[in-house]
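Contents: one structure, followed by commentary.
The values are calculated or read from the model by the stated rules, or taken from the named source; none is laboratory data. Note that the coordinates shown come from a computational prediction; the quantities given were computed from them, not determined experimentally. Cβ placement follows ideal geometry from the backbone for every residue including glycine, while neighbour counts extend to all protein chains displayed. Note: accessible area is taken over every heavy atom of the protein model, side chains too, but ligands, DNA and RNA are not part of it. Shrake-Rupley method; radii C 1.70, N 1.55, O 1.52, S 1.80 Å.
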Amino acid sequence: MIRSRAAVCIGPNTPLVVQEIDVAPPGFGEALVEIVASGLCHTDLTALDGMNASSVYPLVPGHEGAGRVVEVGEGVRDLKPGDHVIPLYGPECKECRMCLSGRTNLCWTIKPTRDRGVMPDGTSRFRCDDASVHHFMGTSTLSRYTVVPEIALAKVRPDAPLDKVCLFGCGVTTGVGAALSEIRAGDDVAVFGLGGIGINVVQGARLAGARRIIGIDVTERKNDLAIAYGMTDFVHAGREAGRVVQAIREIASGGVDVAFECTGLVPVMRQAFDCCQPAWGTAVLLGVEPPGAEMGFPPVGVRYGRTIKGSYFGGVKGRSGLGRLVDFYMDGRLDLDRQITHTLQLEEVNHGFDLMRAGESVRSVVRFE
Ligand code: CXF
Ligand code: ZN
C-alpha cells in the first residue's frame, strides 16, 4: 500500500477534491505507475459533469498522462521498474480478434471492467477513508500513483520529456493519427473545430502533405496556433452562418477530400458530411455527441461513393504505434509545446477545468514534479 496525492471526483457536479488516497500494489498483469504529468481533456469533464456513462463515483479522473513504472505485478512480461510509459485508455493485448484482425486499433479485452471503473479482476486499487474509489478509463492519471494493466501501457523512449509527451495519451494522437491515416498527399481537407483535437488534425494534415487545410470555427482565438500548425484557410462559422458548406466547396474546387469533425455537435457533423467531395470524400467523426443524439442524411449522400466513418485514438495501436509519433515530436516534426497553454499544480486542477469550460485553454497540463 502506498499513499498518493490524487484528484477525487466524489460525484457529478461537485469540485474535485485533492487529497491523499491509498493505492494497492499491482495485481497480476498490472503495473504501479508514478505519474509525472497529466493533460486535461474534455472527456474528463464529461465525467465531472455526470455526462459519461462509464463513470462510477467516487473516481479518480485523468487519461492523458505519462510517468514511470515503479513496480510490476506477477505475470508482467514487457515492463520493468524505471520504464517510461503512457497509460492507454484503449489497450492493445496483441492476442484478441480485434488486435489480430489487421483492421482496427480497437481492443476490447478489458473494456467491460474498465467501463465499470475497476481493474480486470473486478476490484479497484484505490481506497480513501476505507471506501473504495473507482478508476476512470482504466488510467486515472490525476493521481501521483496509479495502477494500470500492462496491456494498457505504452513504453516510450526514456529521453522524451514526460511533461510534454503525456499529450500523446489522448488529444495529440487522436488528431494527428486520424490525419495521418485518412489524408493522402495533395488532398484538400476541412477541420471543424480548432480546439485540442482540431489543431492536431491540422498539424497531422500538414505532415501528411495536404494542400488546402481549411479550419472552421466560431472564434478566431486559436487561429495563430492553427496557422502555425499549417491551416491555409479559415471559415468563420458565425459570420458565414448558413453558407459554411458553400464557402468550403468554393475553396476546395467542389468539395474536400477529407473532412474532420472535432466539435461533437450533430449539425456540424452534417456540415462535415456535406462539404466532402460526393464521389470519394470522407467525413471522419472525432467529436463525441451528447448522449442519445442521432444523425441523419439522405441516402444519395453516400450512394455516389462518399464515406462517413469514425476514428478512435487516431487509429493508432497504443503499444506498437505510439513510439512513431513520439519520434516525430523528438525530431521536431510535431509540436506539443505551443499547444500547452497552461501548466498547473494538482491543487489547481479545478481551475484547469474552469479554463476548459471557458474555452480559454488549448491544453492544460498538471505537473506532479
Ligand atoms: C474519447 C473519445 C471517445 C470515446 C472515449 C474516449 N477519447 C478521449 O477523450
Ligand atoms: Zn481525452
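For the chain, the relative contact order comes to 17 percent (Cα pairs under 8 Å, sequence separation of at least 6).
Please report, in cubic angstrom per residue, the volume enclosed by the convex hull of the alpha-carbon atoms of the stretch 228-282.
Convex hull of Cα atoms, per residue: 93 Å³.
Along each principal axis, taking the top coordinate minus the bottom one, the Cα set of the stretch 2-56 gives 31, 24, 21 Å in descending order.
Expressed as a whole percent, the accessible surface of the chain that belongs to carbon and sulfur atoms is 51, based on a 1.4 Å probe. Given in Å, the Rg to one decimal and the Dmax to the nearest whole number for the Cα atoms of the stretch 259-350 are 17.7, 54. Within the full protein context, the accessible area of residue 3 is estimated at about 130 Å² for a probe radius of 1.4 Å. With the simple model of a label 7 Å out from the Cα in the direction of the Cβ, residue 341 to residue 354 spans 1.6 nm. Computed from label points 7 Å out along Cα-Cβ, the spacing between residue 265 and residue 17 is 3.7 nm.
Given a Förster distance of 25 angstrom, what is the FRET efficiency for residue 94 paired with residue 28, based on the Cβ-Cβ distance and rounded to 0.05? Spell out each step's value before the answer.
Details: r = 17 Å, r/R0 = 0.69.
After rounding, the FRET efficiency stands at 0.90.
Considering the stretch 129-189, its Cα convex hull presents a mean projected area of 6.7 nm². Can you give me the solvent accessible area of residue 95 with a 1.4 Å probe, rounded to the nearest 10 Å²? Number for this one is 120 Å².
Three semi-axes describe the equivalent ellipsoid of the chain; taken as square roots of 5 times the Cα gyration tensor eigenvalues and ordered largest first, they are 35, 21, 19 Å.
Counting only residues at least eight positions apart within a chain, or on another chain, the aspartates and glutamates with an alpha carbon under 17 Å from that of residue 155 are 30, 34, 64, 71, 78, 83, 92, 163, 327.
Once the Cβ-Cβ distance of residue 304 and residue 240 is raised to the sixth power relative to R0 = 30 Å, the FRET efficiency obtained is 0.70. Placing unit charges on the Cβ atoms of the charged side chains and taking the dipole of the stretch 265-369 about its Cα centre, the candidate lying farthest along the positive direction among 281, 310, 267 is 281.
Translational diffusion of the stretch 32-139, estimated by Stokes-Einstein from the Kirkwood radius over alpha carbon pairs at 10 °C in a medium of 1.306 mPa s, is 105 µm² per second. The calculated Kirkwood hydrodynamic radius for the stretch 42-102 is 14.4 Å, given to one decimal from all distinct C-alpha pairs. Legend: translational diffusion of the stretch 207-365 by Stokes-Einstein, Rh = Kirkwood radius over C-alpha pairs, 25 °C, 0.890 mPa s; D = 138 µm²/s. If you wrap the Cα atoms of the stretch 180-226 in a convex hull and average its projected area over all directions, you get 2.9 nm². Computed over the stretch 162-293, the P(r) curve from all C-alpha pair distances, binned at 5 Å from the origin, holds 2, 12, 23, 26, 21, 10, 4, 1, 0 percent per bin.
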